[in-house]
Amino acid sequence: MSTNHQNIAILGAGIMGLSAAYTLGKAGHNITLYDPSLHDGGFTTHNASALAGGMLAPYSEIEHMDAPWIDAGLHGIALWRESGLEMGLTRNGSLLIAHPQDRYVLERFKSHLPPALQVLHSPRTIEPALPEAFQTGLFLPDEAYLDPKSAMTALLEAIKDFNADLNPSAQDPAALTSKHDLVIDCRGYGARNEEPELRGVKGEILIVRNEEFALSRPVRLMHPRYPLYIAPRADSVFMIGATMIEGADEHVSVRSGMELMSALYSLHPSFGEAEIISMQAGIRPAYPDNLPRIRMIDNIISANGLFRHGFLLAPVMARCIADHIAGQRNIFMTLFTGEQNDRHDQWSTNHHKSTA
C-alpha cells in the first residue's frame, strides 16, 4: 500500500480505536475518529475499555495464549512505555496467590510457565499486607498495569494534538469508504451486525476504598470458581475484577456481586469495612477462540475481538496496521490475521529459550 499520508477514518473510541488513531496520527496520517461518546473534545459516556482493569499481564494469560501471543503482549508493554504518555503505568510485576485449599490451582498454573518465571516467593515478602495464610505465591516480574481512564485520556489528548477530527456521529464503515482512503473499524461489540462470529462477554468490576490495606502491584487470587484480580490505585482505592459472563446485558447481578465481594473479603478481612465507590459492567467483544483479529477487505480494516486483552494488545495491533499501510511487514501481523509465519515461530522459540 502507499506510504503517502492518507485520509483515514477510525470507528470506535475504545482502546483499540484510540490506539489506532494515536499510532496512525503520529505517523502523519489525517485522522477522523468517529464515536457517539465524543463530545466537546472528550468522552461523555463509558465504554468497555473505560471499565477495564488495565492489566498488562501476558504471562497470567498463558493458559489461554501460546508463546507468540505472550511475546506480542510483552511487546505491547514496551510500546506503552515508549509512548511516554501519562497513564499511571507501573511495571513491578504481579503476584499470584491461592488459599491453602486451592493451592493446586496455583501449582497447575505454574506448570504452564517457562522455567525462568517459576519464581516462588513468600507473598508477604513483597506484599506485607497480605494475611499469613497465604504461604506461597508466584511472582511474575515482567508484568505491568496502568490506569485505563488515564491512558484513554492521554491518548485522546495526543490525538487532538495531531489535529485529528473528532466526530460524535455513529457511522457505518461502508458509508465512509467514499470519503476516506481507509476505514479502520474498531467498534468492538458495536460491530456485531457485520461480524457474525462476534459475541459479548460481560465483565464486572468493583471499585472500593480501603485505608486499612495496601498493595504495590496487582494480585491475582487463584480460585477454581471465583478467581479475581485486585489492582491498586491512588488514595487507597482498589479495582477488583473477576466475573466473565456470556451475555450482552450491562447490569451487575446480585449473585455475581455477592461472589465478587465474598472473594475479596476472603483476601483480607479489612475489605469487610471498605467503602464501595462503584460497581459496573462492560461488554467485551470476543471471537470463538477469544483472540483478537485483523481483517482486511478492500479499504476497510477491522480490528476486533480483544476480549480481556485490550490494553495489552491494542498497541501491537495498531502498530501492525500502521506498518501494513506503510507497506512494511510487522512480525506480529500474522498472529492477528491467522496466517502462518515460520519466521515469527522461530523468533518466538529463540526468545523463550533466551529467558529460560
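The values are calculated or read from the model by the stated rules, or taken from the named source; none is laboratory data. Note that the structure is predicted; figures quoted are calculated from it, not measured. FYI the Cβ positions are ideal-geometry reconstructions off the backbone, even for glycines, and counts take in every protein chain you see. In case anyone asks, the SASA skips ligands and DNA or RNA and just uses the protein heavy atoms, side chains included. Shrake-Rupley method; radii C 1.70, N 1.55, O 1.52, S 1.80 Å.
Here are the numbers for the structure shown:
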quantity	calculated
Relative contact order [Cα under 8 Å, 6+ residues apart], the range 24-123, whole percent	19 percent
Accessible area of the chain belonging to carbon and sulfur atoms, whole % at 1.4 Å probe	49 percent
The range 90-231, accessible area per residue, ligands and nucleic acids excluded (1.4 Å, Å²)	44 Å²
Environment charge of H39, counting only residues whose C-beta is closer than 15 Å and scoring Lys/Arg +1, Asp/Glu -1	-2
Under 24 Å, Cα to Cα: Lys pairs in the chain, sequence gap 8 or more or different chains	7
Where trypsin sites (Lys or Arg not before Pro) fall in DSSP loop in the range 98-189, at most 14 other Cβ within 10 Å	K179
The chain - mean residue ellipticity at 222 nm from DSSP helices (-39,500 (n - 2.57) per run, n ≥ 4, rounded to 500)	-9000 deg cm²/dmol
Calculated Cα extents along the principal axes in Å (choose from (1) 76, 43, 36; (2) 57, 55, 38; (3) 63, 46, 37), label	(3)
12 Å beta-carbon shell around L79, net charge (K/R +1, D/E -1)	+2
Rounded to 5, percent antiparallel among DSSP beta bridges of the chain	70 percent
Local electrostatic count at S253 - Lys and Arg +1, Asp and Glu -1, tallied over other residues with Cβ under 10 Å	-1
